[in-house]
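One structure is given below, encoded as C-alpha cells.
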Amino acid sequence: MTIKIDKPIVDFGIWREESAEESAAQAGAPTESSAPPAAPSAPAPAPAQPAQGSAKVVHMHEKLERPEMLLGSTYKLKTPLSEHALYVTINDVILNPGTEHELRRPFEIFINSKNMDHFQWIVALTRIISAVFRKGGDVTFLVEELRSVFDPRGGYFKKGGKYMPSLVAEIGDAIESHMRMIGLIKDDGLDEHQRRLVEEKRAQYEESVHQASDDPQARESFPPRRPALRQVPHPGRGRHGQLPHLPQLRG
C-alpha cells in the first residue's frame, strides 16, 4: 500500500511487530521514581596488582640493543680439511642482572681464520646464526641442524676420537659446548631403561663380590699363582748351557 506524504519529514523510527508488546510491558512496569531505592552494592574488588618486579623482566628479542661490553668464549677448531684453524667466538648478553630472573643467552657469533677459502659461506652462516640468537625463544635447534650437515667428501675424527661428518657439524658441536656451559642445554641423564640396566649390572657385580668374599677357596685362589718358569736349554748349547766343544780346524 502506498502512502503519500504531504508534510516534511522531521523525524523517523523503525516499527517492529514486538513494539506494541514492549510498549505495553513498559507501561505496566514501575517507573524509576516509584521503584524502591536499591540497597547499596558492595564495593568492587580492586584489580590485582602485578607482582613487584614482574613488569621489569627483560626477555630476549630482536629489538634488544647491544650493550657496550659482552661476555664471550672462543673455541679453536683444528680440522684436517684446512691447514689453518678456525676460531669460533660466541658473545653472550646478561638479561636482568642481579635479580632472580638473571639469564645468560648467546647474542652473536664470529668465526675467524687465515684460510679464506670458506670466507663467503662462513660470513653468511655467522650472520644468520646471530640473527637467530637475537630473535629469542628456543635456539637450541641450531645444534641439531648444524650437526646433521654431511660433507660428500667424507668426515673426519677430531681430537678425542669423536667423528665429525663435516666442518659445519664441528661448528655446531662448538655451539653445543657453549650452550651447555651457560646452562641453555641440560643433560637429560639416563632414561628408565638405561637406569634399570645399570642397576642390574651393579647388583650382579656386588653379588659376585659377596660370593667371592664368602668362599675360602676363591680367596686362596685369587689372585692366581704364577707358574714357575722352567729353564729350556738353547739348541746350540750343551746341557748346562755351555757351548759344545768343537774340533780345531787345521789348514
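Can you give me the long-range amide H partners of residue 58? Hydrogens built in the peptide plane at 1.01 Å from N, cutoff under 5 Å, separation of 5 or more residues or another chain.
Here 96 satisfy the definition.
Provide the packing ranking of 127-134, 164-171, i.e. peptides ordered by the mean count of other C-beta atoms within 10 Å per residue, highest first.
164-171, 127-134
Taking a 1.4 Å probe, which of 6, 191, 151 shows the most accessible area, and what order do the others take after it?
6, 191, 151
Considering the dipole of region 65-172 built from charges on the beta carbon (Lys and Arg +1, Asp and Glu -1) around the Cα centre, which of 93, 169, 133 is farthest to its positive end?
169
Ignoring ligands, DNA and RNA, how do 68, 199, 83 rank by accessible area with a 1.4 Å probe, largest first? Working shown, then result.
Numbers: 68 180, 199 115, 83 155 Å².
Putting 68, 199, 83 in descending order of accessible area: 68, 83, 199.
What pairs from 78/114; 162/201; 76/162; 76/186; 56/186 go past 19 Å between their alpha carbons?
Numbers: 78/114 12 Å; 162/201 27 Å; 76/162 15 Å; 76/186 23 Å; 56/186 27 Å.
Violating the 19 Å limit, Cα to Cα: 162/201; 76/186; 56/186.
Can you list the HN-Hα couplings for region 129-143, worked out from phi with the Karplus curve (6.51, -1.76, 1.60; θ = phi - 60°), rounded to whole Hz and with x for Gly and Pro?
Once θ is set to phi - 60°, the couplings for region 129-143 become 5, 4, 5, 5, 4, 6, 5, x, x, 7, 9, 6, 5, 4, 4 Hz.
Between residue 105 and residues 5 or more places away or on another chain, which pairs have amide H atoms under 5 Å apart, with H built 1.01 Å from N, and which residues are they?
The list, which skips near neighbours in sequence, is 93, 95.
For region 138-212, run through the trypsin sites (Lys or Arg not before Pro) and keep only the ones in DSSP coil with at most 14 other Cβ atoms within 10 Å of their Cβ.
Sites meeting the loop and neighbour criteria: 153, 159, 162, 186.
The values are calculated or read from the model by the stated rules, or taken from the named source; none is laboratory data. All values derive from a computational prediction rather than experimental measurement. Here Cβ is always computed from backbone atoms with ideal geometry, including for glycine, and neighbour counts include all displayed protein chains. The area values use the complete protein model at the heavy-atom level, side chains included, leaving out ligands, DNA and RNA. Shrake-Rupley method; radii C 1.70, N 1.55, O 1.52, S 1.80 Å.
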